[in-house]
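K.L.:
Following this message is one structure expressed as structure tokens.
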Amino acid sequence: MLESKQTPLISAAKADDIDGIESLLAPNVKKQLVLARSKEDILSHLANFLVARDGGRLIGCAALRGFGEGLYEIRSLAVAEDCSGRGIGTRLVEACLEKAVGQDGNLVFTLTLRPNLFRRLGFTEVPIKTFHRDDKFREKIWADCRQCPKFDACNEIALVKKLK
Ligand SMILES: CC(C)(COP(=O)(O)OP(=O)(O)OC[C@H]1O[C@@H](n2cnc3c(N)ncnc32)[C@H](O)[C@@H]1OP(=O)(O)O)[C@@H](O)C(=O)NCCC(=O)NCCS
């Protein structure tokens, strides 16, 4: 439940948020909805994270990972279950898109089991096999997909959005 009457604030993550981010991700890692991130991994990529706060409580997070040449990925998106369906996930994705635009991004992609949220924001689907074979995404494929036990039977939906 949202405590505060004000709209949850989206901001850059701080070192104090690491435990909260880990707690938001953990149940979704178990459900294989997001990839596992250790505290060390979150800390070393803290600058990528945006968080949503309701009063003092961390209720959502998302990360924008850069691959160079204007290519970005939205990952580690999670909202506390008791705060879902209130537009917080959408606002986190919008904030990531704004951040990517501010960093001269030209293409943002995501791999997700919740495509509608992204479709509403103008993302379009790329067949997963096409995504896996596309040279643009090779760094992502080698960093994450190739290590994934589901690689050959991937059920994630790949979506992309051009920023310019
Ligand atoms: C996916 C997740 C981040 C969504 O967070 P959220 O705060 O509930 O997201 P929103 O409130 O913006 O949207 C949720 C639902 O509200 C409804 N909704 C929100 N805005 C809407 C709009 N403008 N029009 C119609 N429906 C809308 C939709 O039913 C939407 O579900 P859908 O996107 O699957 O269609 C959250 O459920 C979560 O943490 N899931 C587990 C982890 C996960 O799957 N992460 C995604 C990996 S990329």
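The values are calculated or read from the model by the stated rules, or taken from the named source; none is laboratory data. Since the structure is predicted, the reported quantities are computational estimates derived from the model, not experimental observations. As a convention, Cβ positions derive from the backbone with ideal geometry for all residues, glycine included, and neighbour counts pool all protein chains shown. The protein model used for the area step is the full one, side chains on, heavy atoms only, and it has no ligands, DNA or RNA in it. Shrake-Rupley method; radii C 1.70, N 1.55, O 1.52, S 1.80 Å.
K.L.:
What residues have an amide H closer than 5 Å to that of Val34, excluding those fewer than 5 places away on the same chain, when H is modeled at 1.01 Å from N in the peptide plane?
P.N.:
Correct list: Val29.
K.L.:
Continuing with the same structure: Net charge near Asp152: determine it from the other residues with C-beta under 12 Å of the C-beta of Asp152, scoring Lys and Arg +1 and Asp and Glu -1.
P.N.:
Charge balance near Asp152 sits at +3.
K.L.:
I've got another one for you. I'd like to check one number: the per residue accessible area of the chain, probe 1.4 Å, reported in Å² as a whole number.
P.N.:
Result: 56 Å² of accessible area for each residue.
K.L.:
Related question: Calculate what fraction, in whole %, of the accessible area of the chain sits on carbon and sulfur atoms when a 1.4 Å probe is rolled over the protein chains.
P.N.:
Percent of accessible area from carbon and sulfur atoms in the chain: 51.
K.L.:
Follow-up question, since we're still on this one. Could you state the principal axis extents of the C-alpha atoms in the range 82-164, from the largest down, to the nearest angstrom?
P.N.:
34, 34, 19
K.L.:
Hey, another quick one. Excluding Leu43 itself, calculate the net charge of residues whose Cβ lies under 13 Å from the Cβ of Leu43, where each Lys or Arg counts +1 and each Asp or Glu counts -1.
P.N.:
-3
K.L.:
Anything over 20 Å Cα to Cα? Flag those among Lys39/Lys99; Lys14/Lys39; Lys129/Lys164; Lys30/Lys136; Lys14/Lys99; Lys31/Lys150, in the order listed.
P.N.:
Lys39/Lys99; Lys129/Lys164; Lys30/Lys136
K.L.:
Then there's this: Select from Ala100, Phe123, Gly85 the residue farthest towards the positive end of the dipole of the chain; place +1 on Cβ of Lys and Arg, -1 on Cβ of Asp and Glu, and compute about the Cα centre.
P.N.:
Phe123
K.L.:
Can you pull a Stokes-Einstein diffusion coefficient for the range 8-75 at 20 °C (1.002 mPa s), Rh from Kirkwood over Cα pairs, as a whole number of µm²/s?
P.N.:
173 µm²/s
K.L.:
Specify the inter-centroid distance of the range 113-164 and the range 10-60, based on alpha-carbon positions, in whole Å.
P.N.:
The range 113-164 and the range 10-60 have Cα centres separated by 21 Å.
K.L.:
If each DSSP helix of 4+ residues adds -39,500 (n - 2.57) and the sum is divided by the residues in the chain, what number results at 222 nm, nearest 500 deg cm²/dmol?
P.N.:
-8500 deg cm²/dmol
K.L.:
Could you tell me how many degrees, from 0 to 90 and to the nearest 10, lie between the Cα long axis of helix 18-30 and the main elongation axis, the longest principal axis, of the Cα atoms of the chain?
P.N.:
That helix lies at roughly 60 degrees to the long axis.
K.L.:
Measure of size requested: the Rg and Dmax of the chain, with Cα atoms as the atom set and Å as the unit; please supply both.
P.N.:
So, for the chain, Rg and Dmax equal 15.2, 47 Å respectively.
K.L.:
How much net charge surrounds Lys14 when only other residues with a Cβ under 15 Å from its Cβ are counted (Lys, Arg +1; Asp, Glu -1)?
P.N.:
My count for the surroundings of Lys14 gives -1.
K.L.:
Another question, if that's okay. For the chain, with only Lys/Arg (+1) and Asp/Glu (-1) charged at the beta-carbon, what is the dipole magnitude about the Cα centre, in debye rounded to 20?
P.N.:
Around 440 debye, computed over the chain.
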